[in-house]
Amino acid sequence: MRELFLNRRGLRAGWRLLIFVAIFAALSFAADWVITRVFHPRQRAFLDPVSFIEAETVSLVLILIATWIMARIERRPLQEYGIPPLHDSFGGDFWIGSAWGLGSTSLLIGLIAWFGGYHVVGLAIHGAELWYFTAIWLAASLLIGFAEELQFRAYLLATLADGIGFWPAAALPSIGFGALHYFLKPHERWEDFASTALLGLFMCLTLRRTGSLAFAIGFHAAFDFANLFVWSGQNGGEYAVGHLLQTSWPGSQLITGGLLGPEASLMVFPVIGLMFLVFDRLYRRTEFRLEDEGKDREKSASSQTTTLGL
């Protein structure tokens with residue numbers, strides 16, 4: 001029975017993950033009960049930035065509490081789950097990731113436009129509205145980046161990786177990320193499932209090579225900001241409230257993404273492939289290591305030193 005629950009590192013990864021999920025589910029249930037009965041939030045449009053700010057703020061607080069509780073139980077710092085310290089959250093990796101998010105989305109829109117599927121008609125907002133919605137979409141996108149990366153990577157990925165290895169663990173939440181889009185959003189197609197899963201896997205790669213989620217958070221925030229606000233694409237059959245541009249998307253949904261927007265365009269797949277290729281060439285070293293990997297590396301170095309000494 002002892003081996004069922006424990007290994008040489010303590011409680012097995014699967015049991016730790018179950019405790020984490022139970023804590024997060026209980027916190028979510030309690031928060032939903034309080035918010036519904038005390039604050040009575042009003043119904044908003046699917047792509048209203050205020051609704052994102054409200055929902056993602058709650059999600060971020062809850063996932064941080066659940067992760068902090070597990071970190072106390074395991075006596076590990078939050079950085080071991082890939083969560084950047086506060087002073088590094090908006091450091092170099094965050095801004096490089098943001099540039100990648102804006103750049104990849106712009107390349108995707110450029111490809112769609114090249115094939116005649118995207119045209120800018122003019123500005124959709126002016127004056128005070130322009131400043132207001134720019135600021136509020138920036139805030140919403142940042143919260144989405146932080147909340148979703150800490151939910152789908154961070155403790156979940158690190159603990160799964162302790163049990164089954166990094167890349168199998170990376171695949172599971174990435175597929176889950178795509179599945180949530182596919183089953184919970186309207187008008188879904190396989191292209192959106194596949195692209196969101198691959199983007200999730202790409203963000204796992206950035207964690208593996210940079211050592212923290214700062215790059216992934218910046219990328220995620222900028223990618224959503226550019227897609228929904230700057231280039232003003234659809235998502236789930238709607239345009240974002242307060243989007244920047246009046247646009248038209250003529251042609252086949254295979255090129256434009258149709259009701260699902262650029263993420264469901266076939267053009268997204270060469271862009272994602274290029275991202276993997278370039279990132280792999282620029283970031284060669286593995287910086288996010290599991291406990292066993294660190295020990296194996298130390299043993300290997302010790303063995304080489306002993307051999308050289310002989």
Q: Residue by residue through segment 107-142, note down the ones that are open to solvent by 50 Å² or more (accessible area, probe 1.4 Å) and under 25 Å from LEU213 (Cβ atoms).
A: LEU107, ALA135, LEU138, LEU142
Q.
Every residue in segment 69-106 that is at pLDDT below 95, open to solvent by 60 Å² or more (accessible area, probe 1.4 Å) and either not charged (D, E, K, R) or not in a helix (DSSP H, G or I) (or both), please.
A. ILE73, ARG75, PRO77, GLN79, LEU86, HIS87, PHE90
Q. Is at least one residue of segment 34-47 out of contact with any helix residue (DSSP H, G or I) (no Cβ under 6 Å at 6 or more places or on another chain), surrounded by 14 or more Cβ atoms within 10 Å (Cβ to Cβ) and outside any helix (DSSP H, G or I)?
A. yes
Q. What number of residues in segment 247-279 are in a helix (DSSP H, G or I), over 15 Å from SER106 (Cα atoms) and open to solvent by 50 Å² or more (accessible area, probe 1.4 Å)?
A. 6
Q. When you go through THR196, THR256, THR206 one by one, which is the residue that is polar (S, T, N, Q) and more than 19 Å from the chain's Cα centre (by Cα)?
A. THR256
(Q) Please determine whether any residue of segment 134-144 is more than 20 Å from LEU102 (Cβ to Cβ), among the small types (Gly, Ala, Ser) and in a helix (DSSP H, G or I). (A) no
Q. Taking VAL50, is it free of Cβ contacts under 8 Å to residues at least 60 places away in the same chain and either aliphatic (A, V, I, L, M) or open to solvent by less than 70 Å² (accessible area, probe 1.4 Å) (or both)?
A. no
Q) If you go through segment 58-68 one residue at a time, do you hit one that is of a type in the set (Phe, Trp, Tyr), closer than 24 Å to SER174 by Cβ and assigned to a helix (DSSP H, G or I)? A) no
Q: Can you give me the number of residues within segment 175-234 that are outside any helix (DSSP H, G or I) and open to solvent by less than 10 Å² (accessible area, probe 1.4 Å)?
A: 3
Q. Looking at segment 235-246, which of its residues are open to solvent by less than 30 Å² (accessible area, probe 1.4 Å) and aromatic (Phe, Trp, Tyr)?
A. none
Q. What number goes with the only condition from (1) crowded, with 16+ Cβ neighbours inside 10 Å; (2) at negative phi that ALA22 does not pass?
A. (1)
Q: Output the residues belonging to segment 54-63 that are in contact (Cβ under 8 Å) with a residue 40 or more places away in the chain and surrounded by fewer than 18 Cβ atoms within 10 Å (Cβ to Cβ).
A: THR57
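The values are calculated or read from the model by the stated rules, or taken from the named source; none is laboratory data. Quick caveat: nothing in here was measured; it's all calculated off a predicted structure. So basically every Cβ, Gly included, is an ideal-geometry build from the backbone, and we count neighbours across all protein chains shown. Only protein heavy atoms, including side chains, enter the accessible area calculation; ligands, DNA and RNA are left aside. Shrake-Rupley method; radii C 1.70, N 1.55, O 1.52, S 1.80 Å.
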